[in-house]
1. With the condition kept exactly as written, say whether any residue in region 157-168 is among the hydroxyl-bearing types (Ser, Thr, Tyr) and open to solvent by 20 Å² or more (accessible area, probe 1.4 Å).
2. Go through region 141-186 and count every residue that is of a type outside the set (Gly, Ala, Ser) and assigned to a helix (DSSP H, G or I).
3. Could we say that residue 177 is in contact (Cβ under 8 Å) with a residue 12 or more places away in the chain and crowded, with 17+ Cβ neighbours inside 10 Å here?
4. Could you give me the residue pairs with C-beta distances under 7 Å whose first residue belongs to region 252-267 and is under 14 Å from residue 125 (Cα atoms), whose second residue is surrounded by fewer than 24 Cβ atoms within 10 Å (Cβ to Cβ) and of a type in the set (D, E, K, R) wherever it lies, and which are 6+ apart or on separate chains?
5. Is there a residue being open to solvent by less than 70 Å² (accessible area, probe 1.4 Å), touching an Asp or Glu at 6+ places or on another chain (Cβ under 8 Å) and closer than 21 Å to residue 37 by Cα anywhere in region 83-93?
6. Being at negative phi, small (Gly, Ala, Ser) and at pLDDT 90 or above: is that true of residue 32 here?
Amino acid sequence: MDMYAYADEVGPTAGRPLNLRQIEVFRAIMMSGSISGAGRMLHVSQPAVSRVLALTESRLGYRLFERVKSRLSPTAEARRLYAEVEQVYGGIQRVNDLAASLAQSGAGMLKIVASASFGQRLIPMALDRFRNRNADARVDYRSVTFDELAAYFLSGQADIGISMQPPDHPNLTSVRLAQVPVICALPAAHPLAGREVVRPEDFSTAAWIGYPGDTPLARALKPFFGERGACPAAVEVHSPVTACSFVQQGLGPALVDAWCVTPDQAARMVLRPILPAAYVDIWATHSNLSAPPLLARRFLAAVKKTLEDGAPPDLAEIPAGVG
């Protein structure tokens with residue numbers, strides 16, 4: 001039976017919507033000008049293309065092509081339909097281009113929240129590594145306290161978080177990335193600056209800079225001070241970044257994590273290891289309601305690599321002969 005035998009007869013199936021395969025075959029015929037050319041474009045046989053075209057015209061209830069000297073000539077309806085089809089394919093191409101761009105160079109907004117301590121060195125160094133591969137990405141970085149961390153995720157203001165302690169919330173997932181040593185930062189002229197190692201008893205009389213008991217660093221220092229606990233600090237702060245600033249002003253020694261000390265600060269303070277050793281954890285947090293976006297995963301990889309490279313001085317090593 002001739003595939004055009006029903007020409008211009010509106011059958012019972014006319015007006016039914018076309019599926020994507022039928023649209024694809026129609027477009028291939030329009031572009032190639034023949035059944036055989038469409039078959040080569042789509043890597044299918046000519047009879048298969050003919051069958052799809054016949055079904056398409058049956059659904060529409062009118063011809064799309066006239067046969068002219070062994071070639072197919074599109075009807076006026078086909079030309080109008082093709083204009084719409086090309087708009088659809090143009091949109092698909094734009095989607096593919098965007099997908100390729102996201103995969104190759106990164107784009108969009110990455111929202112990072114972190115403890116102030118890690119904003120001194122770890123985050124900037126990781127961002128430098130991250131942006132080498134994702135130059136088109138924009139970054140929204142916010143320094144937050146531990147108490148604020150969960151709220152940023154739940155309000156959609158954070159993709160990834162870096163902190164000393166994981167937030168306890170059922171909609172958040174945290175992974176421990178590393179441990180970093182706690183060190184003693186001292187004013188250059190302080191009596192303890194002459195020690196090779198700083199011990200708990202050194203804080204029994206020294207006016208020192210400490211932290212409230214519910215902060216991550218205060219909890220990390222419990223093994224260092226032991227059962228008797230710490231001598232009350234002369235000044236309490238809520239961040240080791242603030243503690244370092246106070247040390248530089250000569251207000252006394254402070255126990256801080258090694259990542260919070262910048263090279264510029266290290267040149268203006270004396271840094272000593274502590275015994276017994278104490279450590280703080282570095283945690284990465286993201287929402288578990290959906291998978292972390294690509295940029296967040298790439299940034300997390302940059303953080304891990306930065307930690308592996310070990311930027312801070314390894315002051316956890318106690319000098320030989322000291323015990």
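The values are calculated or read from the model by the stated rules, or taken from the named source; none is laboratory data. None of these values were measured; they are calculated from a predicted model. FYI the Cβ positions are ideal-geometry reconstructions off the backbone, even for glycines, and counts take in every protein chain you see. Only protein heavy atoms, including side chains, enter the accessible area calculation; ligands, DNA and RNA are left aside. Shrake-Rupley method; radii C 1.70, N 1.55, O 1.52, S 1.80 Å.
1. Here is the first cut: in region 157-168, the ones among the hydroxyl-bearing types (Ser, Thr, Tyr) are 163.
From the residues that got through so far, the ones that are open to solvent by 20 Å² or more (accessible area, probe 1.4 Å) too are none.
Checked against the condition, which is being among the hydroxyl-bearing types (Ser, Thr, Tyr) and open to solvent by 20 Å² or more (accessible area, probe 1.4 Å), region 157-168 yields no hits at all.
2. Filtering region 141-186 for residues of a type outside the set (Gly, Ala, Ser) gives 141-142, 144-149, 152-154, 157, 159-160, 162, 164-173, 175-177, 179-184, 186.
When the remaining residues are screened for being assigned to a helix (DSSP H, G or I), the result is 146-149, 152-154.
So the answer is 7.
3. Values: in contact (Cβ under 8 Å) with a residue 12 or more places away in the chain: yes; crowded, with 17+ Cβ neighbours inside 10 Å: yes.
The answer is yes for residue 177.
4. 259/121; 262/121
5. Looking only at region 83-93, we keep the residues that are open to solvent by less than 70 Å² (accessible area, probe 1.4 Å), and these are 83, 85-86, 89-91.
In the following step, the residues that additionally are touching an Asp or Glu at 6+ places or on another chain (Cβ under 8 Å) were identified as none.
Checked region 83-93: no residue is open to solvent by less than 70 Å² (accessible area, probe 1.4 Å), touching an Asp or Glu at 6+ places or on another chain (Cβ under 8 Å) and closer than 21 Å to residue 37 by Cα.
6. Working: at negative phi: yes; small (Gly, Ala, Ser): yes; at pLDDT 90 or above: no.
For residue 32, the condition - at negative phi, small (Gly, Ala, Ser) and at pLDDT 90 or above - is not met.
Yes or no, residue by residue, for (1) in contact with a Ser or Thr (Cβ under 8 Å, 6 or more places away or on another chain); (2) acidic (Asp, Glu); (3) exposed (fewer than 14 other Cβ atoms within 10 Å of the Cβ):
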| position | (1), (2), (3) |
| --- | --- |
| 109 | no, no, yes |
| 117 | yes, no, no |
| 120 | yes, no, no |
| 126 | yes, no, no |
| 132 | no, no, yes |
| 135 | yes, no, yes |
| 140 | no, yes, yes |
| 151 | no, no, no |
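Conditions (1) open to solvent by less than 20 Å² (accessible area, probe 1.4 Å); (2) outside any helix (DSSP H, G or I); (3) not basic (Lys, Arg), marked per residue:
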site: 21; (1), (2), (3): no, no, no
site: 29; (1), (2), (3): yes, no, yes
site: 40; (1), (2), (3): no, no, no
site: 53; (1), (2), (3): yes, no, yes
site: 56; (1), (2), (3): yes, no, yes
site: 73; (1), (2), (3): no, yes, yes
site: 80; (1), (2), (3): no, no, no
